[in-house]
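Written out below as structure tokens is the structure these notes cover.
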Amino acid sequence: MSSPPAFDSTGVAVLGTGSYHPEYVLTNEEMARRVDTSDEWIVSRTGIKERRIAAPGEQNSDMATHAARAALEQAGLKPTDVDLIICGTVTGDMPFPATACLVQRNLGAENATAFDIGAACTAFIFALEMAKLLINGGGYTTALVIGSEKLSAVTDWTDRNTCVLFGDGAGAAVLRKGSGNGFGRGVLSSDTGTDGRYAHILNQPGGGTAVPITAENVGQRLATLKMAGREVFKQAIGAMVNSCKKALAKANVTIDEIALVIPHQANIRIIEAVGEKLKVPREKVFSNVHKFGNSGAAAVAMALDEAHREGRFKRGDKILLVAFGAGLTWGCAVVEW
Ligand code: UT7
């Protein structure tokens with residue numbers, strides 16, 4: 001008779017996931033009434049059919065809190081069990097305090113240290129990596145890792161190049177020291193990278209300390225997202241594929257052993273190209289970009305939760321999370337469930 005798997009104190013298992021998306025569905029048809037675009041253009045260039053938009057007064061921290069509660073519930077843990085909260089976001093409720101602090105307050109997670117990571121669309125992967133390192137070497141035991149964005153608040157609703165792309169939402173995962181007892185080894189490896197030379201091709205130029213919003217410049221909409229889409233597109237595919245290869249090599253896992261690839265949800269053409277270059281069959285590449293558009297740091301986290309709840313992978317499976325975003329930043333994590 002085989003004995004149960006031994007508890008492995010070096011693992012960082014994923015105990016639960018959660019996500020939240022606002023109720024309001026903004027369709028391509030409604031977009032086409034706002035700017036000079038069409039459902040045909042948006043679907044053929046991006047795969048996006050609709051996106052979710054936060055209700056008036058609904059804050060990033062509210063969405064993050066909903067996702068975190070769902071993840072904790074699935075993990076069977078209380079907020080007070082959590083000693084680390086890392087929130088990936090570039091659309092925090094305010095410049096400071098960090099959105100993670102507001103989530104800590106909302107949850108009553110009084111034992112948790114909380115901070116944000118501003119790695120844009122890659123932030124959930126950066127946060128997973130940081131949580132793993134802090135649990136393995138920093139004395140923490142239980143982390144809430146969140147990706148959450150209210151991109152609708154920094155969207156230029158008159159710019160058809162960008163306004164059709166983005167949406168709001170949040171996703172979360174609970175990580176805990178150890179593995180075995182029915183749980184896989186969790187985050188097996190990660191690879192992350194940055195190239196600040198391209199900071200200018202995807203950014204929010206105003207509203208920070210360099211270019212504060214004043215009565216004189218308010219009409220220029222500088223506190224909104226600007227993107228040189230074609231430039232970003234060119235960088236995204238190669239960076240994501242390289243990052244996957246590096247993370248797989250670190251984990252000593254081959255791509256054939258991966259049950260599901262969960263990429264950042266920016267554009268179906270990028271998602272499919274990454275899958276093709278990695279030689280992964282289409283059915284092993286998860287996408288929900290048609291429903292949510294690009295929700296920044298929330299995208300991989302929301303997709304992870306949806307795929308998990310749909311049973312697209314099971315305990316013991318290995319999955320690949322990969323993202324790319326402003327910075328430029330990119331990252332990949334190999335996770336054993
Ligand atoms: O989340 C962080 C990472 N972000 C990304 O990975 C996004 C990467 N970039 C992209 O996904 C794509 O570059 C876009 C979806 C943003 C744009 O697609 P594209 O195929 O690169 O189009 P384009 O920017 O080259 O524009 C093609 C044409 C232009 O017209 P001209 O100059 O050829 O006459 C645009 O003005 O499409 C026009 N266009 C639109 N037409 C209708 C741009 N936006 C729209 C629109 N509706 N919404």
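Summary table
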{"quantity": "Compactness index (Cα Rg / 2.2 N^0.38 Å), the chain", "calculated": "0.95"}
{"quantity": "Listed residue pairs exceeding 29 Å between alpha carbons, taken from 49/250; 246/314; 49/277; 132/246; 234/291", "calculated": "49/250"}
{"quantity": "Extreme residue, positive dipole direction of the chain, given options 292, 184, 41 (C-beta unit charges)", "calculated": "184"}
{"quantity": "Neighbour net charge for residue 243 - beta-carbon separation under 11 angstrom, K R +1, D E -1", "calculated": "+2"}
{"quantity": "Shape call, region 1-111: gyration tensor on alpha carbons, a/c limit 1.5", "calculated": "oblate"}
{"quantity": "FRET efficiency, residue 133 to residue 181 (Cβ-Cβ, R0 25 Å, nearest 0.05)", "calculated": "0.65"}
{"quantity": "GluC sites (Glu not before Pro), loop per DSSP, at most 11 other Cβ atoms within 10 Å - longest free stretch of the chain", "calculated": "111-215"}
{"quantity": "Cα Rg, Dmax, region 39-94, angstrom units", "calculated": "16.1, 48"}
{"quantity": "Heavy atoms of residue 245: accessible area, 1.4 Å probe, square angstrom to 10", "calculated": "110 Å²"}
{"quantity": "Shape call, region 199-278: gyration tensor on alpha carbons, a/c limit 1.5", "calculated": "prolate"}
{"quantity": "Net charge, residue 20 excluded, C-beta distance under 14 Å - Lys, Arg +1, Asp, Glu -1", "calculated": "-3"}
{"quantity": "Added length on full extension, which subtracts the Cα-Cα distance from 0.36 nm per residue, residue 23 to residue 211", "calculated": "64.3 nm"}
{"quantity": "Charge dipole magnitude, Cβ of K and R +1, D and E -1 - region 145-190, Cα centre, debye nearest 20", "calculated": "420 debye"}
{"quantity": "Label zone at residue 35 (point 7 Å along Cα-to-Cβ), backbone N below 15 Å, region 155-178", "calculated": "155-168"}
{"quantity": "Neighbourhood net charge (12 Å Cβ-Cβ; Lys/Arg +1, Asp/Glu -1) for residue 123", "calculated": "-3"}
{"quantity": "Added length on full extension, which subtracts the Cα-Cα distance from 0.36 nm per residue, residue 234 to residue 197", "calculated": "11.8 nm"}
{"quantity": "Most fluctuating residue given options 298, 55, 112, as computed from a GNM of the chain linking Cα atoms under 10 Å", "calculated": "55"}
{"quantity": "Simple Cβ-charge dipole of region 231-337, Lys/Arg +1 and Asp/Glu -1, about Cα centre, in debye nearest 20", "calculated": "140 debye"}
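The values are calculated or read from the model by the stated rules, or taken from the named source; none is laboratory data. Computed from a predicted model, the values in this text were never measured in an experiment. Glycine gets a Cβ as well: all are built from the backbone with ideal geometry, and neighbour counts include every protein chain shown. Remember, those area values only see protein heavy atoms, side chains included, never the ligands or the DNA or RNA. Shrake-Rupley method; radii C 1.70, N 1.55, O 1.52, S 1.80 Å.
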